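The values are calculated or read from the model by the stated rules, or taken from the named source; none is laboratory data. These numbers were taken from a predicted model, which means no experiment stands behind them. Cβ: placed from backbone, ideal geometry, glycine included. Neighbour counts: every protein chain shown.
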């Protein structure tokens, strides 16, 4: 029951924070915590914050992808990745271990289209 209540408070907090700037968000959180205290629900704060963090992380993962390449990619290619992957945010990482190609990380999925990954898969045959 405690988790259900915490999850509902987490949903409410996320809705209150939506579209707010960092400064506005701080005010929203301060007011939210004050309202929780006023309702005598202070003991739920750790559970509420944990549920909120989990929900925000899940939402972020659904909206984003990480693309790992050997070298910096152009802004044009970054836009193409964004469109191709259907993600709001595409984070780029450079990794010297990537000889060529690209590795894409989305939620719990990794697409390894690197030269190294291809060679490793080829060795298995």
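For (1) under 30 Å from residue 117 (Cα atoms); (2) in contact with a strand residue (DSSP E or B) (Cβ under 6 Å, 6 or more places away or on another chain), each residue gets a yes or a no:
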site: 31; (1), (2): no, no
site: 41; (1), (2): no, no
site: 47; (1), (2): no, no
site: 55; (1), (2): no, no
site: 59; (1), (2): yes, no
site: 71; (1), (2): yes, no
site: 85; (1), (2): yes, yes
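The number of residues in the range 48-66 being in a strand (DSSP E or B) and either touching a helix residue (DSSP H, G or I) at 6+ places or on another chain (Cβ under 8 Å) or without any contact (Cβ under 8 Å) to a residue 12 or more places away in the chain (or both) comes to 1.
Filter the range 1-44 down to residues that are touching a helix residue (DSSP H, G or I) at 6+ places or on another chain (Cβ under 9 Å) and more than 23 Å from residue 57 (Cβ to Cβ), then give me how many there are. Matching residues across the range 1-44 total 5. Among the residues making up the range 45-56, a single one is over 15 Å from residue 29 (Cβ atoms) and at pLDDT 90 or above: 47. Of everything in the range 90-125 that is surrounded by 11 or more Cβ atoms within 10 Å (Cβ to Cβ) and without any contact (Cβ under 8 Å) to a residue 12 or more places away in the chain, the residue that is farthest from residue 75 (Cα to Cα) is 120.
In the range 37-47, is there at least one residue being more than 16 Å from the chain's Cα centre (by Cα), outside any helix (DSSP H, G or I) and surrounded by 14 or more Cβ atoms within 10 Å (Cβ to Cβ)? The answer is yes; a qualifying residue exists.
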